[in-house]
Amino acid sequence: MSPQLSQQKHNEYSNGDIHDDPIVGLQRINFEGHKKFKSSPVDNDSETIKLRTARQQRLKWKINVFVFIQILLKYLKKVDITLHLQAKEIIHDCAKMNRTGDPAYQCLATAIQLQLRQTVGETHWTKID
């Protein structure tokens, strides 16, 4: 590429526009020469903080449920293979119902947890818990 063409390309990219790159064949966005982005003002009022922490707690709970289910499945695979297969089927069915939009399965973690606990029974459930 000639130095003149190279400088022209640099000038095109440095204005921050989107361009098709003939070499790569993809669109590039170049922010060179732009001022740094300023972050939006953060809402520090108590309601926003409460919502944020509530979402974080809900996410942690969901992660814990799914980790518990993985441990339960490993335990059942060693102890009772029939129950293990039933549990896998329940998880599959719950996910399917969740995808169809059934309101009872809106929260997948809750639906799976309730169905598994009922099927597996308190004896196996409390050993893992």
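The values are calculated or read from the model by the stated rules, or taken from the named source; none is laboratory data. This one's a predicted model, so the numbers in the text were calculated from it and none came from an experiment. Here the Cβ positions follow ideal geometry from the backbone for every residue, glycine too, while neighbour counts run over all protein chains shown. Just the protein is used for accessible areas: all its heavy atoms, side chains included, with ligands, DNA and RNA removed. Shrake-Rupley method; radii C 1.70, N 1.55, O 1.52, S 1.80 Å.
Before moving on, here are some points about what is shown:
- Cβ-derived FRET efficiency at R0 41 Å, LYS88 paired with GLN56, nearest 0.05: 0.85
- The residue list TYR105, HIS92, VAL79 was ranked by how far each Cα lies along the charge dipole of segment 72-125 toward its positive end, using unit charges on Cβ atoms, and VAL79 comes out on top.
- Simple spin-label estimate for ASN64 and LYS77 in nanometres, 7 Å along Cα-Cβ: 2.5 nm
- Using the 1.4 Å probe convention, the accessible area of segment 49-125 works out to 71 Å² per residue with neighbouring protein chains retained.
- Electrostatic tally near CYS94: other residues with Cβ closer than 12 Å to its Cβ, Lys and Arg +1, Asp and Glu -1, net 0.
- Violating pairs (Cα-Cα greater than 32 angstrom) within the set LYS50/LYS127; LYS50/LYS78; LYS60/LYS96; LYS60/LYS127; LYS50/LYS77: LYS50/LYS127; LYS50/LYS78; LYS50/LYS77
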